[in-house]
Amino acid sequence: MPEICVQRKTDMALIISASGIRGTVEGPAGDHLTPKDTLEWVAAWGLWLVERYGKAAVVVGQDARPSGEVLRPIVIQALRAIGHTIYDAGLTTTPTLAMAIPLYEAKGGVMLTASHNPPGWNALKLLDAAGEFFPPEVIREVESYRSHLSFTNTDHPPSIERGDRALSHHIGSILRHPWIHRQLIEQSRFRIVIDGCNSSGGVFVPALLESLGVSDLVCLNCEPTGIFHHPPEPLPENLTELAEKVRSSGAHLGIAVDPDVDRVVFFLPDGRPFSEEYTLVALSDYALQQQKGPIVANQSTTMAVRWVAEQHGVGFYESRVGEYYVVQKMKAVGAVLGGEGNGGIILPTLHYGRDALAGIALFLSYLARTGGDASALRARYPDLYMVKGKLTLSTHQPLPSDLWHRLREKAPDAEASTEDGLKLRWKEAWVHIRPSGTEPLIRIIAEAPTAAEAEALRSRWEKALLNLL
């Protein structure tokens, strides 16, 4: 559907959230994530680290975006000039870097990736000593250091170490997890088509699959050039080449990831999407077959996850959208699995972060244990229909303070939450309206038993929102 542009006063493209500092890399400094802005943000974070831990080790990596080759040296040298030792992981994935931070006994990590954002964007994902996102208040504290930067180790900078053990550590940890069944996967002799999105996934996903005993691989867009062959968000409309190759090659499964490999989606043998929303549905079912316990998803995730939790007699909990918020809710309730409906899976017994490689290994283990038929696996779960719309903003400026309250008044019959924008829930349907934390836009997501009902719900609330902006 066409995007509706809500005009603001400037064209600033810099978004600061719990997901990091994200922006377009070209344009005036201050309004974008230019090399100058990158230097200031990373130096500020480096000073913040010094105050808390002293001079320490930091892991740095990037996805394949060309701007990463410009910005990564800036990140590394800025941190060295403050006194931090660097483990340079080079081309990597966000979950791989997250797991490398404890491996190298570092106090933090910087991943250069704009994830699913289009070309022209990049971001600084800042991770703590456990390899997890910082709370939003820490990002605000870091920002305050930008006004008094100080460099103390320029004449005697610490070393740059190779971070090349990160991938083997990540894959080895996945293989050792008790829910991963390598022998069954190898015996299933799967033929799999991979879309690597011209980034880290083109290297890391084949490496994982080969370690799981999958030798019949067809690779699309696996050259990590950073020049995306299609829009990088792993949505069905962006993955038509993958769908066709799965059909024509007689594959058992198609796999697509986003540029930093923290989201994964699957395709059925006939080329239909398994649905990114149902990645978490299926893996919640599999996890609960191994261990009973709560499941957590964000508020924009399909109701089918709640249905799975109810089938197993366990609690289901929702959080705000964003990895940080999902993780905090998982810790609070002791969840056995969590994630987001965009294909982001969090397996806490591996690490507290979205991890497409872990999601792939879990899915293949479940598929192998259930006979290898992905279509039959999808048929286990109820069909619900989700429609996703968005209103594009030209800047990421605050919305009217009473917006959610005024919208809430239009649905007195609904169960409502204003924890993250506004979510309205009825017995068999819901709509979630919220500002994006990664792009300058408002998302409107609706789900219902039929596609027509979902679209009508989305359309109704888009019109209501426009009338208040």
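Footprinting exposure proxy ranking of Val59, Val203, fewest other C-beta atoms within 10 angstrom first, gives Val203, Val59. Projected label points at Ala451 and Val138, each 7 Å from Cα along the beta carbon direction, are separated by 4.3 nanometres.
Compute the separation of the alpha-carbon centres of the stretch 131-195 and the stretch 375-424 and state it in Å as a whole number. So the separation of the two Cα centres works out to 31 Å.
Anisotropy class assigned to the stretch 170-378 is prolate, per the alpha carbon gyration tensor with a/c at or over the 1.5 cut-off and a/b larger than b/c. The label-point distance for His229 and Ala332, in a model that sets each label 7 Å from Cα toward Cβ, rounds to 4.3 nm. Counting only residues at least eight positions apart within a chain, or on another chain, the lysines with an alpha carbon under 23 Å from that of Lys463 are Lys9, Lys388, Lys390, Lys410, Lys423, Lys427. Based on Cα contacts under 8 Å between residues 6+ apart, the chain shows a relative contact order of 15 percent. If R0 equals 25 Å, the separation of the Cβ atoms of Asp270 and Arg189 corresponds to a calculated FRET efficiency of about 0.80.
Here the relative contact order of the stretch 14-164, from alpha carbon pairs under 8 Å that lie six or more residues apart, stands at 31 percent. Start at zero, step by 5 Å, and the Cα-Cα distances of the stretch 14-164 spread as 2, 11, 21, 26, 23, 13, 4, 0 percent across the bins. The sum of -39500 (n - 2.57) across all DSSP H runs of n ≥ 4, divided by the residue count of the chain, sets its helix-only mean residue ellipticity at 222 nm to -11000 deg cm²/dmol. Between Glu210 and Ser159, the distance separating the two model label sites (each 7 Å from Cα on the Cα→Cβ line) works out to 2.9 nm. Counting every C-alpha pair in the stretch 124-260, the share spaced more than 21 angstrom apart comes to 60%. Applying 1/(1 + (r/R0)^6) with r as the Cβ-Cβ distance of Leu466 and Lys427 and R0 = 25 angstrom yields a FRET efficiency of 0.40.
Any read-out appearing in this document is the output of simple, stated calculations on the displayed coordinates, not a laboratory observation. As the structure is a prediction and not an experimental result, all values here were calculated from the model. Cβ coordinates were reconstructed from backbone atoms using ideal geometry, including for glycine residues, and neighbour counts include every protein chain displayed.
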